[in-house]
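Trainee: Once you've had a glance at the structure underneath, I'll fire off some questions.
Read-outs throughout are calculated quantities, based only on the coordinates presented, and are distinct from any laboratory measurement. Computed from a predicted structure; not experimentally measured. With ideal geometry, Cβ positions are generated from the backbone for all residues, glycine too; neighbour counts draw on all protein chains shown.
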Amino acid sequence: MSQKLTILFDLDGTLVNTAPDLMRAHNYVMKKYGFGERKLSDIKKLAGRGSKVMLTKSMHEVAELSGKITKTDDIVEQMTKEFVDFYSKNIVKESTLKNGALNFLKWCKKNSILMGVCTNKQEHLSLSLIHISEPTRPRLI
């Protein structure tokens, strides 16, 4: 019996630097709903647990600073839907492969190493990042 090797990769921040596009979508929604925009450097403390949590955390932090924002579940739901919609249409505007990722993936393929991706990103968004779903979309991987 021969042993097959399998490598599971995290998508955001490991294979692909998605922070600029995530923050762009975040700021689009925050601005639309009257909240302040955030800097790209804020993404690390906001991202990682999904768009709804990202927006809720961001709103909470802004509320602490200004004392004027109250969140409702309805607003958060609307903002989350608009975030996902905007992000899905702009998912590869500034996202780039991490240095060395493509060469390593090619090496894995050449050496018959099975690969998979683990992410909390919605499946259709993940697929948009890892393969072409439309001929006009740039291919990252």
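Trainee: Quick one: if the Förster radius is 22 Å, what FRET efficiency do Lys44 and Asn90 give, using the C-beta to C-beta distance and rounding to 0.05?
Mentor: Taking R0 as 22 Å, the efficiency between Lys44 and Asn90 is 0.60.
Trainee: Could I ask something else about it? I'd like to know how segment 1-123 sits against the 2.2 N^0.38 Å rule of thumb: what's its Cα Rg over that expected value? It would help to have the intermediate numbers written out before the result.
Mentor: Numbers: Rg = 17.7 Å, N = 123, 2.2 N^0.38 = 13.7 Å.
Normalised by 2.2 N^0.38 Å, the Cα Rg of segment 1-123 equals 1.29.
Trainee: Run the reach check for Lys121 against lysines, Cα to Cα strictly under 21 Å, same-chain hits fewer than 8 apart removed. What comes back?
Mentor: Of all the lysines, those that pass the test against Lys121 - Cα under 21 Å, at least 8 places apart if same chain - are Lys44, Lys45, Lys52, Lys57, Lys81, Lys89, Lys93, Lys98.
Trainee: What length, rounded to one decimal in nm, is gained on full extension from Trp107 through to Glu61, with 0.36 nm per residue of separation minus their alpha-carbon distance? If you can, show how the numbers build up before the last one.
Mentor: On the way: separation 46, 0.36 × 46 = 16.56 nm, distance 4.29 nm.
12.3 nm is the gain from fully extending Trp107 to Glu61.
Trainee: Step through the residues of segment 101-118 one at a time and calculate ³J(HN,Hα) from phi using the Karplus curve (6.51 cos²θ - 1.76 cosθ + 1.60, θ = phi - 60°), rounding each to whole Hz and writing x for Gly and Pro.
Mentor: Karplus values, whole Hz, x for Gly and Pro: 5, 5, 4, 5, 5, 5, 4, 4, 4, 4, 9, 6, 8, 6, 10, x, 10, 10.
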